[in-house]
1. Per residue of the stretch 91-106, what does 6.51 cos²θ - 1.76 cosθ + 1.60 with θ = phi - 60° give for ³J(HN,Hα)? Whole Hz please, x for Gly and Pro, Karplus curve as stated.
2. When ranked by the protection proxy of mean other Cβ atoms within 10 Å per residue, highest first, what sequence do the peptides 64-74, 34-44, 85-95 form?
3. At 7 Å along the Cα-to-beta-carbon direction for both Glu10 and Gln54, put a label point, then send me their distance in nm to one decimal.
4. Under a 5 Å amide H to amide H cut-off, with H placed in plane at 1.01 Å, what residues pair with Thr46 once short-range neighbours are removed?
5. Once amide H atoms are built 1.01 Å from N in the peptide plane, which residues 5 or more positions from Lys102, or in another chain, come under 5 Å H to H?
Amino acid sequence: MVKNRVVYREFGTPEDNDSEQNIVDLPPQQQNVRIQATRRGKGGKTVTEITGFQTTPETLAKLTKQLKNQCGAGGTAKEQAIEIQGDCTQKILQILLGLGYKAKISGK
């Protein structure tokens, strides 16, 4: 049996779709998360980027919602990372440590 033969594809590759399905949902204690405030590519506005998650998109969306509520700011989840508007590095560090993540502030 032939596996999904694509004749033409304008964007992306078939491997892109496979990599999303192979993501493992590690417990918080096994994840090394980095928190960094940056203005790069955001129109001069400061955002706090949290990277290094190894979790499913559903779990990442729940964590994003919790962080947005506790920081009182907007934000989004993108490609195993979370962006929260404003400089909330210390507050996010305390929240993630409380949830059991191994979190560190980077970029200082």
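1. My calculation for the stretch 91-106 gives 5, 5, 4, 5, 5, 5, 5, x, 7, x, 6, 8, 10, 9, 8, 10 Hz in order.
2. Details: 64-74: 14.7, 34-44: 12.5, 85-95: 17.5.
Highest to lowest by the protection proxy: 85-95, 64-74, 34-44.
3. For Glu10 paired with Gln54, the spin-label model returns 3.7 nm.
4. Residues meeting the criterion, in which the H sits 1.01 Å from N, are Gly86.
5. Those lying under 5 Å, H to H, from Lys102 are Gln31, Val33.
Computed from the coordinates by the stated procedures, all read-outs in this text should not be read as laboratory data. Since we're looking at a predicted model, the values are computed, not measured. When we count neighbours, we look across all protein chains shown, and the Cβ atoms used for this are built from the backbone with ideal geometry, even at glycine.
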